[in-house]
1. Can you tell me which residues in the stretch 178-226 are among the hydroxyl-bearing types (Ser, Thr, Tyr) and within 21 Å of residue 9 (Cα to Cα)?
2. Any residue in the stretch 116-137 that's over 22 Å from residue 236 (Cβ atoms): show its pairings with residues that are open to solvent by 50 Å² or more (accessible area, probe 1.4 Å) and part of a helix (DSSP H, G or I) at Cβ separation under 7 Å, as long as the two are six or more apart or on different chains.
3. Here are 180, 190, 194, 163: which of them is within 13 Å of the chain's Cα centre (by Cα) and more than 27 Å from residue 123 (Cα to Cα)?
4. Residue 112 versus (1) more than 30 Å from residue 217 (Cα to Cα); (2) open to solvent by less than 60 Å² (accessible area, probe 1.4 Å); (3) assigned to a helix (DSSP H, G or I): which is the lone unmet condition?
5. Please state which one of 139, 167, 158, 154 is open to solvent by less than 30 Å² (accessible area, probe 1.4 Å) and at positive phi.
6. List, please: which pairs have Cβ atoms under 7 Å, are six or more places apart or on different chains, and start with a residue in the stretch 84-112 that is closer than 11 Å to residue 279 by Cβ and end with one that is open to solvent by 50 Å² or more (accessible area, probe 1.4 Å) and among the charged types (D, E, K, R)?
7. Looking only at residues in the stretch 2-16 that are surrounded by fewer than 17 Cβ atoms within 10 Å (Cβ to Cβ) and in contact with a helix residue (DSSP H, G or I) (Cβ under 9 Å, 6 or more places away or on another chain), which one is nearest to residue 220 (Cα to Cα)?
8. Of the residues 261, 192, 175, which is open to solvent by less than 60 Å² (accessible area, probe 1.4 Å), touching a Gly at 6+ places or on another chain (Cβ under 6 Å), modelled with pLDDT of 90 or more and not hydrophobic (A, V, I, L, M, F, W, C)?
Amino acid sequence: MLPQLRFKPAERFLLFFIVLAACALAGSLIVGFVVHNGPTTKALRLATVIQDCVIFILPSLITAVLISSLPANFLKIESAPSIKLLILAVTAMLVSIPLMNWIVMMNDSLVLPESLSGLESWMRLHENEARASVKMLLGDGSVSSLIIDLLIVGILAGLSEEILFRGTLQQLFLSSRLNIHLSIWITAIIFSAIHMQFFGFVPRLLLGAYFGYLLWWSRSLWLPVIIHAFNNSIVVYSTWKSGEISEGGGDSSIDQWGLDSPMLILASAILTVFIIFRLHREQKSAVIQRVK
């Protein structure tokens, strides 16, 4: 349940977007100053921290304080998830890797109609530029670089994106009396689209929906924050371990798990659905216990 909120639903959304726009403008000006001499690993890392703190976290906190007398309750950051839900959520993330790799491959192989070839070329160019920026952000492949990457790309990104999208935007949709499933999926669509990486849209959409349901089932933002950070950290570590950064190799090894085995992909899909079903059952059991 959401706490008693100030303002009407449309006014809350308007307030959020005004605060978000102001913070985005301020953050963009600061980021522009940081990278004005050109993108370097150090500059991109600092810019990422500024973006996460000023453009993602700050507007979420301001909005929660302005519209609710219980901002921590609104953001769902006042309680921790149960250990059982955490274990199930981590397990689902791990067993889904072959399935997600297949979805990523299928999304990446998307070919638009000939009439939209110009759009596809632009999308591919944007995708390659984004990958080049991420590669520069991740640094030189040293152990110290790995630690920094885990803190920034793993933990901070997981926290900042979840507090903005699930903690604030999804909660705003819910507070407007929108159906829970619509709230989760609309937020997931926005979450995926905002990354502007079109050939990774579907897997990021599914991840966003998963994070949204984790919040709904656990009533704690910390569960999707932990799982999001865990997912990002796996990718960072695998990229570092495979030597992609230091040696200029191709995809990290974790991106290839299961792609040569249809049976493994099928098993991954079945296990993922089963564990997600268990997560849902745990939430229903917890609700029954609270009622009793």
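1. As a first pass, look at the stretch 178-226 and keep what is among the hydroxyl-bearing types (Ser, Thr, Tyr): 183, 187, 192, 210, 213, 218, 220.
Once the filter is applied, which keeps residues that are among the hydroxyl-bearing types (Ser, Thr, Tyr) and within 21 Å of residue 9 (Cα to Cα), the stretch 178-226 yields 183, 187.
2. Correct list of pairs: 123/198.
3. On the way: 180 fails: within 13 Å of the chain's Cα centre (by Cα); 190 fails: more than 27 Å from residue 123 (Cα to Cα); 194 fails: more than 27 Å from residue 123 (Cα to Cα).
Answer to the check: 163.
4. Only one criterion in (1) more than 30 Å from residue 217 (Cα to Cα); (2) open to solvent by less than 60 Å² (accessible area, probe 1.4 Å); (3) assigned to a helix (DSSP H, G or I) is unmet by residue 112, namely (3).
5. Numbers: 167 fails: at positive phi; 158 fails: at positive phi; 154 fails: at positive phi.
Every option except 139 fails the conditions.
6. Close Cβ pairs satisfying both conditions: 88/278.
7. Of the stretch 2-16, the ones surrounded by fewer than 17 Cβ atoms within 10 Å (Cβ to Cβ) are 2-4, 6-11, 14.
Those left that are additionally in contact with a helix residue (DSSP H, G or I) (Cβ under 9 Å, 6 or more places away or on another chain): 2-3, 6-7, 9, 11.
On the way: 2: 12, 3: 14, 6: 22, 7: 24, 9: 22, 11: 25 Å.
My answer is 2.
8. Numbers: 261 fails: touching a Gly at 6+ places or on another chain (Cβ under 6 Å); 175 fails: touching a Gly at 6+ places or on another chain (Cβ under 6 Å).
Sole residue among the options that is open to solvent by less than 60 Å² (accessible area, probe 1.4 Å), touching a Gly at 6+ places or on another chain (Cβ under 6 Å), modelled with pLDDT of 90 or more and not hydrophobic (A, V, I, L, M, F, W, C): 192.
The values are calculated or read from the model by the stated rules, or taken from the named source; none is laboratory data. Owing to the predicted nature of the structure, the values given are computational and were not obtained by experimental measurement. Glycine gets a Cβ as well: all are built from the backbone with ideal geometry, and neighbour counts include every protein chain shown. Side chains included, ligands, DNA and RNA excluded: accessible areas come from the protein's heavy atoms. Shrake-Rupley method; radii C 1.70, N 1.55, O 1.52, S 1.80 Å.
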